[in-house]
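Remarks on the structure that follows.
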Amino acid sequence: MAQEEQSSRSIYTDLDDGGSDEEIDKWQRTFRLWRETLREHWGMLTDELSVKLSMLTVAGFMLIAIFAPFIATHQPLQRQYQGEAGIIIEDWAEPSLLGADTEYLLGTTAEGFDIFSQLIYGTRAALLVGLVAAIFTAGIGTLVGLVAGYYGGKVDDALMRIVDFLYGMPLLPTVIVLVAVLGPDLWNIILALIVLQWRSTARVIRSQSLSLRERPFVKAAEVAGAGDWHIISRHLAPNVLPMTFLYGSFGIAWAILAEAGISFIGLGDPNTVSWGTMLQASRAYSALSFGAWWWFVPPGICIGLLVISGFLIGRGYEEITNPKLQ
Amino acid sequence: MGKASFVVRRTLQLVATLWAVGTVLFGLFRLMPGDPTSYVVSSQMTQEARQRLIESYGLNDPLYVQYIRFLQNLVQLNFGQSFHSNQPVTDIIATYMPNTLVLMLSAFVVAYAIGITLGVLSGWYRGSRFERSTVITALTARSVPTFYVGLIVLWIFGAELGLIPMSGMTSLGTGGQSTGFLDMVLTVDFLKHLMAPAAVLAFYYMGYPLLIMRSSMLEVLSEDFIDVCRAKGLKERTIMFKHAARNALLPIVTAAAIALGYAVGGSVLIETVFAWPGIGREMVRAVLRRDFPVAQGTFIVLASTIIFLNFVADLAYGYLDPRVTYD
């Protein structure tokens, strides 16, 4: 396995500055170790073109999300005009990009919202869901996997039965039920996704740490009297970090897909604009039959772009950690 | 540990998982906000009649009594009656489950036939442009949300070109399900409705067997017996399909069983887009209208499909690959 060679450097750094042990804080050393592993992988990752493009895409979306108020031309949830009935507007403005004589770049929805501004603000929801859910699923999964793999025995058994149970739950139906219980709110969707999705990271990290535990450097640390937490954080964690990041980047993609699906079904947060809620609204007003494609095509393209980027970054990382795939 | 004790242990685990899913579900539905009875009980009803109705659903009993009754019913596969239509939930499941299975299985057969073939070829022609483009296609297919592809297909082929029906499983006035399930499935009208959702799903599911088959082929191709085949002077195509692909097929079998389980569980979205009267769509509708018994019953069916197919995959692995040992 390749990560042995790559991370072996980080393992030796631990030995190399054994002399200066007193001067540097324990935590600082742990973090430096993790940083070194990451820096090395970052260099290898950015070598590949598809990964580079994906990272640029994600960075682009991040900029859009941060500067959304400056890019958006209108308020995303403010009606631009009132219909005859005052509540529901039957007609919509065509996009000015297509030559229509309106002030709306991508036209307006049947409810009278500016589509371009919704698209821009939707980036925030997608990235928020993707990043928060991915950080927590990868983090919880790694921690559980490390603890289960390192301690083994009853601890391992108990934790893995929970994982088995979670594997028995269908993803979307479970999230739907959880959101129905907790209420349709963006944070509840994120929470529901986290509750379920840490299962895959935990399983993989556990099997990795099971084999790492038997390796000489861990045995050596044990003999030298290192504590459990010391071994987990300094000897096991840096070696499983590649896997954590792999599952983290896939996690971003999965979370964005799931949020879009949940919102599309109609359980999205009514007070937040997301690409999924845009698609749901367009379907509710049968934009399909009216041929108002500028309403439902752009959000899907955005979802696709962001998700493909997540998958490609993950895949690039997978090829580093497992050269057999190349 | 021998094979027999592995089977026993795995079966016990199956039962335990089913129990855990049922229990969590019971808890979740009791926590759900909103009075479920308000959907059955109309406001004109007298207080007395209302109480009697609530009583008849057993919603007044202490929680543990409800829980024990829930478990008893679960074992007897009795999921109660719908709050909404008063039909037994078992009937509702029996109506919708075949529809979901027809859709999923036809999508799966197409997806795995194409996916496996492309996977064999891309593993064989490793490093070629063909390989790179199939892998990128597979990744793209898995990245774009299925419901979105469904929307676009409906828009182009349904609304614009009028080639496919916009929703449902049968056209109005053709009798639908009243003529019996098999009769309905065998009509041209049904095939027309099936085509679009099945194709969209197949496009999505194709990527998984393709990628697995490709990496499995890469592993098999590096083994010695392939060199022996070459030395014997066998034709390239014979080596590719008869020797390499057959040995590379093993991971696909178990992956397919597990993936089918998740596909049935994930039927929610595609059925909603195409208004396909399947069990996933029925679950969503039941949750939205707080119809506990139906939501509970359909969820349990979806979850146990996954759990059961995972179980099958685990057992199949041991029988298909004699090298597997049980620890």
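Residue A:235 sits with roughly 20 Å² accessible to a 1.4 Å probe, with DNA, RNA and ligands left out of the calculation. Scalar couplings 3J(HN,Hα) for the range B:298-311, obtained by applying the Karplus form with A = 6.51, B = -1.76, C = 1.60 to θ = phi - 60°, are 5, 4, 4, 4, 4, 5, 6, 4, 4, 4, 5, 6, 4, 4 Hz; x denotes Gly and Pro.
Taken one residue at a time, the phi angles of the range B:75-83 give Karplus couplings (6.51, -1.76, 1.60, θ = phi - 60°) of 5, 8, 6, 10, 9, x, 10, 5, 5 Hz. Gly and Pro are set to x. Packing order of peptides A:258-271, A:210-223, highest average first: A:258-271, A:210-223 (average count of other Cβ atoms within 10 Å over each peptide's residues).
The accessible-area loss of the range A:297-315 on complex formation, taken against its chain alone with a 1.4 Å probe, reaches 40 Å² or more at A:308, A:311, A:315.
Put simply, the amide H of residue B:81, placed in the peptide plane, has neighbours under 5 Å in B:89, leaving out anything fewer than 5 places away on its chain. One Cα centroid belongs to the range A:188-210, the other to the range B:253-271; the line between them spans 19 Å. Ordering A:240, B:15, A:58, B:188 by accessible surface, largest first, gives B:188, B:15, A:58, A:240; the 1.4 Å probe counts only protein heavy atoms, with every chain in place.
Note that the range A:152-164 has calculated 3J(HN,Hα) couplings of x, x, 5, 4, 4, 4, 4, 5, 6, 5, 4, 4, 4 Hz, one per residue in order, obtained from phi through the Karplus relation 6.51 cos²θ - 1.76 cosθ + 1.60 (θ = phi - 60°); glycine and proline are x.
Short-range pairs are left out: with C-alpha atoms under 8 Å and at least six residues apart, the relative contact order of the range B:260-299 is 29 percent.
Packing here is the average count of other Cβ atoms within 10 Å per residue, and on that basis the peptides A:32-38, A:276-282, B:147-153, highest first, run A:276-282, B:147-153, A:32-38. Sequence-distant contacts, meaning Cα pairs under 8 Å at least 6 residues apart, place the relative contact order of the range A:186-326 at 24 percent. Loop-located GluC sites (Glu not before Pro) across the range B:218-267 with a Cβ neighbour count of 12 or fewer within 10 Å are B:223, with loop assigned by DSSP.
The values are calculated or read from the model by the stated rules, or taken from the named source; none is laboratory data. Predicted, not measured: the structure shown is a model, and the values here were computed from it. Note that we place each Cβ from the backbone using ideal geometry, even for glycine, and neighbour counts take in every protein chain shown. Heavy atoms of the whole protein, side chains included, go into the accessibility calculation; ligands, DNA and RNA do not. Shrake-Rupley method; radii C 1.70, N 1.55, O 1.52, S 1.80 Å.
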